[in-house]
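As structure tokens, the structure follows; a few thoughts come after it.
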Amino acid sequence: KIMPVTRRAALTLTLSVLAAPALIRPARAACAPVDLGAGIAFTRKDGSKCLAQREGDVVRIDYVTNRGAWTDIRRVKNGVFEVSRDVEESEEPMVGSSTPSYSWTYSPKIITPVDGASWSGRVKEVVEVTISDENSTVDRRRRRWDAIYRCFEPREVKLSGCTYQALTVEATYSGDGGGHSIRWVYFPEIGLGLETRRNGTGNGLVAMGPA
């Protein structure tokens, strides 16, 4: 015997069918964790594709991976204290000498950035360039700087749909004949600082995620 469907039962069935898609709709995907051991990829405002990865007791940051021969490789301690940099700002291979190589040592001991902290001291800089002659002559120059690092502006930043705790770190260098300034966004939970401004020219981040 077929039982008639009442108006109330039909309405209940219709509402159940309409609600079903909402019940089975997948949840929004969680942010993929980033890790310096595996590598972190990021993109700067000028379109440069970049990569940061732990390398022993430093973090190796390649600020340009997609612009031909252009080179900007840095090794950093405590997020923002650069200990070396190889830089060649040309997309075409340069001839006649090697890529300039910078190295820095700091005194006193460097700090780990936290809100309100500061560091001031002396920075020794060595620049080396190997000349392409029969003796492979090394041109080496030395310089000393007085530097001040300030940590401030704790906040949340959103990149590639993920939210990170962040801190601004700004350094000013002064010495004979001039000076320069650098600003980073530092991610304390990751232990990574990425340059966003140099000598007043900004080049911030627009994306970041696992490599």
* To do: Return one whole number: the accessible area per residue of the range 123-211 in Å², for a 1.4 Å probe.
  => 55 Å²
* Residue by residue through the range 59-70, which ³J(HN,Hα) values in whole Hz follow from phi under the Karplus form 6.51 cos²θ - 1.76 cosθ + 1.60 (θ = phi - 60°), with glycine and proline marked x? -> 10, 8, 10, 9, 7, 8, 10, 10, 10, x, 7, 4
* **Karplus (6.51, -1.76, 1.60) ³J(HN,Hα), θ = phi - 60°, over the range 150-163, in Hz, Gly and Pro reported as x** => 10, 10, 7, 6, x, 6, 9, 10, 10, 9, 6, x, 10, 9
* Asked: With a ≥ b ≥ c the root eigenvalues of the C-alpha gyration tensor of the range 36-81, is it rounded (a/c under 1.5), prolate (a/b larger than b/c) or oblate?
  -> prolate
* Gly204's amide H: which non-local residues (gap 5+, or another chain) put their own amide H closer than 5 Å, with H modeled 1.01 Å from N in plane and none for Pro or chain starts? -> Lys45
* To do: Could you rank the peptides 140-146, 40-46 by their average count of other C-beta atoms within 10 Å per residue, with the highest value first?
  => 40-46, 140-146
* Structure fact -> In the neighbourhood of Val123 defined by beta carbon distances under 12 Å, the net charge of the other residues (Lys, Arg +1; Asp, Glu -1) is +2
* **Vicinal HN-Hα couplings computed from phi for the range 76-89 (Karplus, 6.51 cos²θ - 1.76 cosθ + 1.60; Hz; Gly/Pro x)** => 10, 10, 6, x, 10, 8, 6, 9, 7, 8, 10, 9, 9, 8
* Asked: Net charge near Arg142, counting Lys/Arg +1 and Asp/Glu -1 over other residues with Cβ under 13 Å of its Cβ?
  -> +2
* Past the 21 Å Cα-Cα mark, which pairs from Lys109/Lys158; Lys49/Lys124; Lys45/Lys158; Lys77/Lys124? -> Lys109/Lys158; Lys49/Lys124
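The values are calculated or read from the model by the stated rules, or taken from the named source; none is laboratory data. Nothing here was measured: the structure is a model prediction, and the numbers come from that model. Don't worry about glycine lacking a Cβ; one is built from the backbone with ideal geometry, like all the others, and counts go over all protein chains shown. Remember, those area values only see protein heavy atoms, side chains included, never the ligands or the DNA or RNA. Shrake-Rupley method; radii C 1.70, N 1.55, O 1.52, S 1.80 Å.
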